[in-house]
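Have a look at the structure below, then the notes.
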Amino acid sequence: MKLADDLFVLGIRHHGPGSSRALTHTLNQLNPDLILIEGPSDASHLIPWLAKDAEPPLALIVYRPDKLAAQTPEQQSMYFPFAIFSPEYQAMTFGLKQDIPTRFFDLPQGHMLAHGRPLMPEGAIFQQLAEAAGHQHYESWWNQRLEQRFELEGFFEGVFEMMAAIRQESAKHPPQFKPQPKPNSPHDPAEIAKAKAAFEVGLQVAEAREAYMRSQIAEARSQGFKRIAIICGAYHSPALLKVYDEADQQLLSGLKKVEVDFAWVPWSYSRLASLSGYGAGILSPGWYHHLWESSQKGLSLREQSITWLSKTASLLRQEGFDSSPAHVLEATRLAEALASLRGLNSAGLAELSEVTQSVMCFGDTKALSLIQKKLIVGERMGQVPPDAPMVPLQRDLLAEQRRLKLYAAIETSHLKLDLRQDLHLERSNLLHRLNLLGIPWGSTVAAKHKSGNFKEIWRLSWQPEYAGKVVEASIWGHTVKEAAVNLSQELAQKADSLAKLSEILDRIITANLPEVVGVLLERLSQEAALSRDVEQMMGALPALVRIMRYGSLRYQNINIKEVVDSLLTRISLNLPQACVNLNQEAAQQLFEGIKQSHNIILTLADAYHSEAWFKALSAISEHPKSHGLLAGRATRLLYEGKKLSKELSLSRLGLALNIEAISLQIEASLEQSAFWLQGFLEGGGLLLIHDKALWDLLDNWVLSLEAASFIDILPLLRRTFSTFSKSLRQQLFEKLLLSELKLSQKQHYDTELADSSLPFVIQLLGLEFHALGG
């Protein structure tokens, strides 16, 4: 749209393929001597890097170096994604190819991140426009009228006229703050005041953006440029008619500014589809890519539909679905008929998706979801030039990826490693270090029939947002290893429990960070010597014992036995007293720790620690004030370990379930009896199946309970029996039914009738009959 002899405003839709097609056509006709693009003006120096080996989709990340480590709700970074069909990307590459000065001219991100996101125009008026044109949704209307538009002439004039009318109408109803209370705090005055302040700031930033764009246009004119092409979001185009004046100057003079930095990062179509808001958020990037490619090949609207349906059929065949050329032809005809019924000039994505589900997928939603993921959204991922501006940690990670031949891809893949091989060990080190830094590129998968500790299986999937995490992690160092070491030391210093310390030790060993191991072991030894918290000591054991038992291919000589010995000794000494006078929550936590620690004791098979452990269990079982859950479990473990006879175990169970004592005591005693039973039986249903004495004891206890008492403890009993397998519960049920049947069907024999039938029965059996006394 020509506004003056030297100014051409081209209003586009961010990531619109039709806008890109019209833009490249218009730029070729205009042959401008300057291109201004809506984008952060303080990032203009990064545009030339696109002339190198950049491959979209990619994104420009802007971040605050001073806020990378801050755990605050402040806005710390923003992304500006670009796909090959994005008008801004096409404008930048056009300027680079034609050697035309090309700049961003939007408000600097130094101001934007200091204040926050701008207020966006309300979507209601756009929806009204779509409905007036006979469409249910604004998205489908815009796609039909503009992004799939075949005629290019008058494109920008029409967009400008439409946006001018929209802004004129919107001016009659200025944006007003509308509080939207949260469900958990519907009338919180502080939250409402905070939201209102954010609204006002957003409105101010939105006005400042357009004021700054006008200032850049004025500056470009003053620099002598004669033909200026301005590429901006369609909504902004009418605002650029206004001349930059004192009001704009005053608005910009009061803005705060912070230090920011920029980098190019790879992006993906799936990430582009998941974002919303300014500069991002399109529902179907794969479809838009298809529209762009089709336009570059000069395909007609009908040919675009045929090509799309052909791609769909090919994908379905690859995934094992039947899809023939006949399906494509039938789907094309049906899509055209459907578009005609809806008054459309061509079939859009909605029509093509509907006929695909009917003709090619036979209503199968699974097949349609596959098309949505791989075609409509797409799995394309871009790349940036290796020497493009980035933080040192990014550069080191790229170098490590190239050296180890580990290439980032958004598609999920599996990597099998044999840690006895140097290359595989280094790959494992890198993946573990990235996990430590909060960059979960890979996750380990448990292997079936795994032998030894030298095998690892990784599931790899690189997500675009990890690039931002790399930037955030750069505060810890310039290389992956340096950052992992520094972060580990920080975590070790802040760890407030033995369990956390042992977990960190496990992670730094798998990440191959010997610089931290010694310091952490010393800290562990000190904490273990001073700790009196049994639960914490139990929580620290698993990771330490795993390292001690299996060792590590990374460290063959790590000696943590002293720490483990110290912990086990202190646990056995302090555990009995820790089980006394506990509430239900504390007892449940200690219960899990006892089960876990018992398995560790059995695994280590150390005579000294085994003796001390069973002595502690015996003390718990015998102490009258031990929580019932823990006393019951201790008795069970003693019985299984052959430290307590069956008779004595049943005697203690009988004492815990003493019916006469319970009838005289308070309700809490009955609850403790139920807890004792839970501790003894959990995971041991076979005992009830095969041990008649135990069954009878439990059966008599339940039958002796009053109805009200039984209802009170029923949840505890249900929780106990829920730990048994379904088949085991069925066996218990059948055994209960059988016992009930025997009780209810007592037999009464008629001896005279039996005697009279006896000769006949013996004759049937072929035996000789001898009368009594005969």
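The values are calculated or read from the model by the stated rules, or taken from the named source; none is laboratory data. Everything numeric in this text was worked out from a predicted model, so none of it was measured. For neighbour counting, all protein chains shown are included, and Cβ atoms are generated from backbone atoms with ideal geometry for every residue, glycine included. Accessible surface is based on the protein model in full, side chains and every heavy atom, while ligands, DNA and RNA are left aside. Shrake-Rupley method; radii C 1.70, N 1.55, O 1.52, S 1.80 Å.
Of the residues that make up the stretch 197-209, is at least one open to solvent by less than 20 Å² (accessible area, probe 1.4 Å), closer than 16 Å to residue 35 by Cβ, modelled with pLDDT of 90 or more and assigned to a helix (DSSP H, G or I)?
If we filter the stretch 197-209 for residues that are open to solvent by less than 20 Å² (accessible area, probe 1.4 Å), which is where we start, we get 202, 205, 208-209.
With closer than 16 Å to residue 35 by Cβ added as a condition, the list becomes none.
No; the residues of the stretch 197-209 include none that is open to solvent by less than 20 Å² (accessible area, probe 1.4 Å), closer than 16 Å to residue 35 by Cβ, modelled with pLDDT of 90 or more and assigned to a helix (DSSP H, G or I).
Any idea which of (1) crowded, with 18+ Cβ neighbours inside 10 Å; (2) more than 30 Å from residue 418 (Cα to Cα) is the one residue 488 doesn't satisfy?
Against the list (1) crowded, with 18+ Cβ neighbours inside 10 Å; (2) more than 30 Å from residue 418 (Cα to Cα), residue 488 comes up short only on (2).
Name the residue that is modelled with the lowest pLDDT, counting only residues in the stretch 511-521 that are part of a helix (DSSP H, G or I) and surrounded by 21 or more Cβ atoms within 10 Å (Cβ to Cβ).
520
Every residue in the stretch 290-323 that is within 17 Å of residue 18 (Cα to Cα) and not in a helix (DSSP H, G or I), please. Walk me through how you get there before you give the answer.
Kept after step one, since they are within 17 Å of residue 18 (Cα to Cα), are these residues of the stretch 290-323: 290-305, 308.
Result: 297, 298, 299, 300.
Between a residue in the stretch 405-421 that is on the phi > 0 side of the Ramachandran plot and polar (S, T, N, Q) and any residue that is open to solvent by less than 30 Å² (accessible area, probe 1.4 Å) and in a loop (DSSP other than H, G, I, E, B), which pairs come within a Cβ distance under 6 Å, given they are 6 or more apart or on different chains?
Matching pairs, first to second residue: none at all.
Which condition does residue 158 not pass, out of (1) within 23 Å of residue 12 (Cβ to Cβ); (2) open to solvent by 60 Å² or more (accessible area, probe 1.4 Å), if it passes all the others?
All conditions pass for residue 158, except number (2).
Considering the stretch 212-271 alone, what residues qualify as being within 39 Å of the chain's Cα centre (by Cα), over 30 Å from residue 287 (Cα atoms) and hydroxyl-bearing (Ser, Thr, Tyr)?
212
Identify all residues within the stretch 322-361 that are farther than 26 Å from residue 136 by Cα and surrounded by fewer than 18 Cβ atoms within 10 Å (Cβ to Cβ); write none if there are none.
322, 324, 325, 326, 329, 330
Among (1) surrounded by fewer than 17 Cβ atoms within 10 Å (Cβ to Cβ); (2) of a type outside the set (S, T, N, Q); (3) modelled with pLDDT of 80 or more, where does residue 57 come up short?
Failing condition for residue 57: (1).
Take the stretch 611-631 and flag every residue that is at pLDDT below 90 and open to solvent by 30 Å² or more (accessible area, probe 1.4 Å).
Once the filter is applied, which keeps residues that are at pLDDT below 90 and open to solvent by 30 Å² or more (accessible area, probe 1.4 Å), the stretch 611-631 yields 622, 623, 624, 625.
When the residues of the stretch 448-485 are narrowed to those that are open to solvent by 20 Å² or more (accessible area, probe 1.4 Å), of a type in the set (Phe, Trp, Tyr) and not in a loop (DSSP other than H, G, I, E, B), which ends up modelled with the lowest pLDDT?
476
When only residues in the stretch 35-54 that are surrounded by fewer than 23 Cβ atoms within 10 Å (Cβ to Cβ) and not in a helix (DSSP H, G or I) count, which is modelled with the highest pLDDT?
Result: 54.
For the structure I just gave you, tell me whether residue 119 is modelled with pLDDT of 80 or more and part of a loop (DSSP other than H, G, I, E, B).
Working: modelled with pLDDT of 80 or more: no; part of a loop (DSSP other than H, G, I, E, B): yes.
No; evaluated as a whole, the condition is false for this residue.
Based on this model, can you work out whether residue 147 counts as open to solvent by 60 Å² or more (accessible area, probe 1.4 Å) and either in contact (Cβ under 8 Å) with a residue 24 or more places away in the chain or β-branched (Val, Ile, Thr) (or both)?
When the stated conditions are applied, residue 147 does not pass them.
Being in a helix (DSSP H, G or I) and open to solvent by 30 Å² or more (accessible area, probe 1.4 Å) is the filter here, so list the residues in the stretch 491-505 that pass it.
491, 493, 494, 499, 500, 503
So which of 217, 192 is without any contact (Cβ under 8 Å) to a residue 60 or more places away in the chain, open to solvent by less than 80 Å² (accessible area, probe 1.4 Å) and assigned to a helix (DSSP H, G or I)? Spell out how you get there, then give the answer.
Details: 217 fails: without any contact (Cβ under 8 Å) to a residue 60 or more places away in the chain.
Selected residue: 192, the only one of 217, 192 that is without any contact (Cβ under 8 Å) to a residue 60 or more places away in the chain, open to solvent by less than 80 Å² (accessible area, probe 1.4 Å) and assigned to a helix (DSSP H, G or I).
Scan the stretch 612-626 and report the pairs whose first residue is in a loop (DSSP other than H, G, I, E, B) and whose second residue is open to solvent by 30 Å² or more (accessible area, probe 1.4 Å), with Cβ atoms within less than 8 Å and a gap of 6+ or a chain change.
625/581
Consider residue 386 against the criteria (1) open to solvent by 40 Å² or more (accessible area, probe 1.4 Å); (2) assigned to a helix (DSSP H, G or I): it satisfies all of them except one. Which criterion is unmet?
Against the list (1) open to solvent by 40 Å² or more (accessible area, probe 1.4 Å); (2) assigned to a helix (DSSP H, G or I), residue 386 comes up short only on (2).
For residue 416, are the conditions met, namely being in a strand (DSSP E or B), farther than 30 Å from residue 50 by Cα and of a type in the set (Lys, Arg)? Explain how you work it out, then say what you get.
Working: in a strand (DSSP E or B): yes; farther than 30 Å from residue 50 by Cα: yes; of a type in the set (Lys, Arg): yes.
Yes: the conditions hold for residue 416.
In the stretch 226-268, what count of residues is obtained for those that are open to solvent by less than 40 Å² (accessible area, probe 1.4 Å) and assigned to a loop (DSSP other than H, G, I, E, B)?
Of the residues in the stretch 226-268, the ones open to solvent by less than 40 Å² (accessible area, probe 1.4 Å) are 228-234, 236-240, 248, 252, 255, 258, 260, 262-268.
Applying the additional criterion that residues be assigned to a loop (DSSP other than H, G, I, E, B) yields 255, 258, 260, 267.
So the answer is 4.
Which residues, counting only those in the stretch 362-371, are part of a helix (DSSP H, G or I) and surrounded by fewer than 16 Cβ atoms within 10 Å (Cβ to Cβ)?
365, 366, 369 - these are the residues of the stretch 362-371 that are part of a helix (DSSP H, G or I) and surrounded by fewer than 16 Cβ atoms within 10 Å (Cβ to Cβ).
Can you tell me which residue is nearest to residue 262 (Cα to Cα) among those in the stretch 389-412 that are of a type outside the set (A, V, I, L, M), open to solvent by less than 50 Å² (accessible area, probe 1.4 Å) and modelled with pLDDT of 85 or more?
Filtering the stretch 389-412 for residues of a type outside the set (A, V, I, L, M) gives 389, 392, 394-396, 400-403, 405, 407, 411-412.
Filter once more, so that each one left must be open to solvent by less than 50 Å² (accessible area, probe 1.4 Å): 389, 394, 396, 400-401.
Checking which are modelled with pLDDT of 85 or more leaves us with 394, 396, 400-401.
Working: 394: 12, 396: 17, 400: 22, 401: 22 Å.
So the residue we want is 394.
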